[in-house]
Amino acid sequence: MKTMEVRPIPCPYLPSAAGAMTHRCLTAFGAERSAAFYLTALRYSQCLWLRDLPARSILSLCRALYAPMGAGDTVLKAYPLPYLAYRWLIENARNAGFLGNPRVSFQHQAARIRGTDQDLLRARAHALWWLTRRSRPELGPDPECEEPEDSIDAVLASLARYGIQPEPDWFRAAADYSLDSTDSASKTLSSSTGRRSGPSE
């Protein structure tokens with residue numbers, strides 16, 4: 001008997017993919033990390049997710065998260081920093097394609113990121129690391145990496161210190177998310193951005 005193909009459903013916290021996208025949609029920006037780059041990276045993340053490529057989808061999402069967005073960038077009103085999108089992806093990737101071990105990936109990023117914005121980027125890596133541990137505790141850490149695991153209070157404090165407003169609220173919405181609480185998470189996210197809750201556009 002022929003097995004029915006199960007296709008991934010779109011992430012409700014990411015924008016719709018812009019047609020048949022490839023990695024060139026991001027490399028075309030060169031070193032530019034603008035609002036347009038941010039939105040394109042989120043769209044490409046959705047595209048890769050729908051192609052059943054969760055590991056690459058998360059990588060594109062991270063490129064958006066690590067872009068130097070300002071609190072006044074209007075794109076954030078529609079698509080806040082993608083903590084909730086990440087939580088949704090990691091929760092729904094259990095039966096998807098290759099995921100790898102994002103717990104180790106973010107553990108290494110939290111330990112090794114260097115540069116001008118290292119405090120901010122390491123805070124964001126710790127945030128995704130915390131969400132991964134919360135969602136997928138079966139994924140083991142790298143025992144040789146000595147970076148300590150931040151508590152949720154430490155993550156929130158770092159985001160408040162180095163991030164943009166209301167970044168701690170966006171992270172909190174993701175921390176409180178469960179597969180049975182999508183509507184509640186959407187309302188929390190909407191209240192912090194002024195965005196009307198609803199599916200991806």
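Taken together, the values in this text are just the output of simple stated rules run on the coordinates, not laboratory data. Since we're looking at a predicted model, the values are computed, not measured. Methodologically, a virtual Cβ is constructed for each residue, glycine included, from the backbone with ideal geometry; neighbour enumeration extends over all protein chains shown.
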| note | Within the stretch 113-152, residues being surrounded by fewer than 16 Cβ atoms within 10 Å (Cβ to Cβ), of a type in the set (Asp, Glu) and more than 23 Å from Leu179 (Cα to Cα) number 6
| Taking into account only those residues within the stretch 122-153 that are part of a loop (DSSP other than H, G, I, E, B) and of a type in the set (A, V, I, L, M, F, W, C), which is nearest to the chain's Cα centre (by Cα)? | Leu139
| said: Being touching a residue at least 40 places away in the same chain (Cβ under 8 Å) and within 27 Å of Glu32 (Cβ to Cβ) is the requirement here; does Leu131 meet it? | reply: no
| Residue ID - surrounded by the fewest Cβ atoms within 10 Å (Cβ to Cβ), chosen from residues in the stretch 68-112 that are among the polar types (S, T, N, Q) and over 18 Å from Ile164 (Cα atoms) | Asn95
| Of the residues in the stretch 9-41, how many are farther than 19 Å from Pro82 by Cα and not hydrophobic (A, V, I, L, M, F, W, C)? | 7
| request: Please indicate, with yes or no, whether at least one residue in the stretch 93-104 is hydrophobic (A, V, I, L, M, F, W, C) and closer than 20 Å to Val155 by Cα. | output: yes
| said: Looking at the stretch 17-47 only, could you name the residues that are buried (at least 16 other Cβ atoms within 10 Å of the Cβ), more than 15 Å from Met69 (Cβ to Cβ) and either touching a Gly at 6+ places or on another chain (Cβ under 8 Å) or without any contact (Cβ under 8 Å) to a residue 24 or more places away in the chain (or both)? | reply: Cys25
| Is it the case that some residue within the stretch 10-24 is among the aromatic types (Phe, Trp, Tyr) and within 22 Å of Tyr177 (Cα to Cα)? | yes
| said: Restricting to the stretch 75-128, count the residues that are among the basic types (Lys, Arg) and touching a residue at least 60 places away in the same chain (Cβ under 8 Å). | reply: 2
